[in-house]
Amino acid sequence: MRHMKLEETYDAVLCLGSSFTYMQTEDDVEHALYNFRHALEPGGILIFDNIDASKINHNRLNKWLETTYNFNDTIVTRRSYNSDYNEINNTWNVTWQYIIDRSGTTEGITDHAKIRAFHKDYIYSKLKKCGFILPEMIDEKRHLMKAYKRK
C-alpha cells in the first residue's frame, strides 16, 4: 500500500485486517493514504481498520497468548507474543506461531512483525492532510474508519 500505483480508479478502497498497522513511519502512513486517494474516484470512500493506541492492553505484553480453532478435520492453534512496546510511537514486536493439525499431520508456521497502533485524532489529521474529508469512526471496537476523497 506504500507503493501501490493503480491505473484505474474505484468507488471504494478497503484496507482491512489491521494491515494498516504495518505502517511504521510518518512517510509510510502518508504514502499509503495518498495511494488510497489516488485509487479513488472523486467522492470515493476509503474504509480501513487499525489498532487503537488508547486501548493498548499492557497485560498482553511479554507473555504468550493462545487460541485454538477447529475446522472439520483441522485444528489450528494460534499463539502470539507481544514485546518491546515503545510508548512514544505505539509500536511493538509480535511473534505469531500457527500449529496446524490436519488429520494427525502437524505443521508449524512462525511469523514476526513490528506493528503500530494509532490514535483516532492522528489518523483524522493524516486523512485530511492526504486529501480526505468527513473522517468518521464506524466501529470503535475494531477502530474501523471511513473517509471520502475530496471531489
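Every number in this text was worked out from the coordinates using simple rules, so none of it is lab data. Predicted model, so just to flag it, every value in this text is computed and none were measured. Neighbour counts are summed over all protein chains in view; Cβ atoms, including those assigned to glycine, are modelled from backbone coordinates with ideal geometry.
Regarding the range 71-151, what's the average projected area of the Cα-atom convex hull, expressed in nm²?
Details: hull surface 32.7 nm².
Result: a mean projected hull area of 8.2 nm².
Quick one: putting +1 on the C-beta of Lys and Arg, -1 on the C-beta of Asp and Glu, what dipole do you get for the range 3-149 around its Cα centre, in Debye to the nearest 20?
Working: 18 positive and 21 negative charges, 66 e Å.
Taking the Cα centre of the range 3-149 as origin, the dipole is about 320 debye.
Taking 2.2 N^0.38 Å as the expected size of a compact globular protein, what ratio does the Cα radius of gyration of the chain give against it, to two decimals? Please report the intermediate quantities before stating the final value.
On the way: Rg = 17.8 Å, N = 151, 2.2 N^0.38 = 14.8 Å.
Cα-based Rg divided by the globular estimate yields 1.20.
Among 22, 69, 34, which one shows the biggest mean-square fluctuation in a GNM of the chain, springs joining Cα atoms closer than 10 Å?
Highest fluctuation among the options: 69.
Using the per-residue mean of other Cβ atoms lying within 10 Å as a proxy for protection, in what order, highest first, do the peptides 95-104, 137-146 fall? Before the final figure, lay out the partial values.
Numbers: 95-104: 13.2, 137-146: 14.8.
Highest to lowest by the protection proxy: 137-146, 95-104.
Given the DSSP H assignment, sum -39500 (n - 2.57) over each helix run of at least 4 residues in the chain and divide by its residue total; what's the result at 222 nm in deg cm²/dmol, nearest 500?
Values: 2 runs with 23 residues, N = 151.
-4500 deg cm²/dmol, from helical runs alone.
Could you tell me which residue out of 124, 100, 65 lies farthest along the dipole of the chain toward its positive end? Charges go on the beta carbon: Lys and Arg +1, Asp and Glu -1, centred on the Cα centre.
Toward the positive end, the furthest listed residue is 124.
Rounded to whole Å and ordered largest first, report the semi-axes of the equivalent ellipsoid of the range 75-117 derived from its Cα gyration tensor (root of 5λ). Don't skip to the answer; put the middle values down first.
Working: eigenvalues 170, 10, 7 Å².
Result for the range 75-117: semi-axes of 29, 7, 6 Å.
Distance between Cα centroids, the range 113-135 to the range 1-54: provide it in whole Å.
Spelled out, the Cα-based centre of one part sits 10 Å from the other.
How far is helix 26-38 tilted off the main Cα axis of the chain, in degrees rounded to 10, range 0 to 90?
Result, in degrees: 60.
Mind ordering 47-56, 83-92 by average Cβ neighbours within 10 Å, highest first?
Details: 47-56: 17.3, 83-92: 13.2.
In decreasing order of mean packing, 47-56, 83-92 become 47-56, 83-92.
Among DSSP beta bridges whose residues both lie in the chain, state the antiparallel percentage, nearest 5.
Values: 41 of 48 bridges.
Antiparallel bridges: around 85 percent, rounded to the nearest 5.
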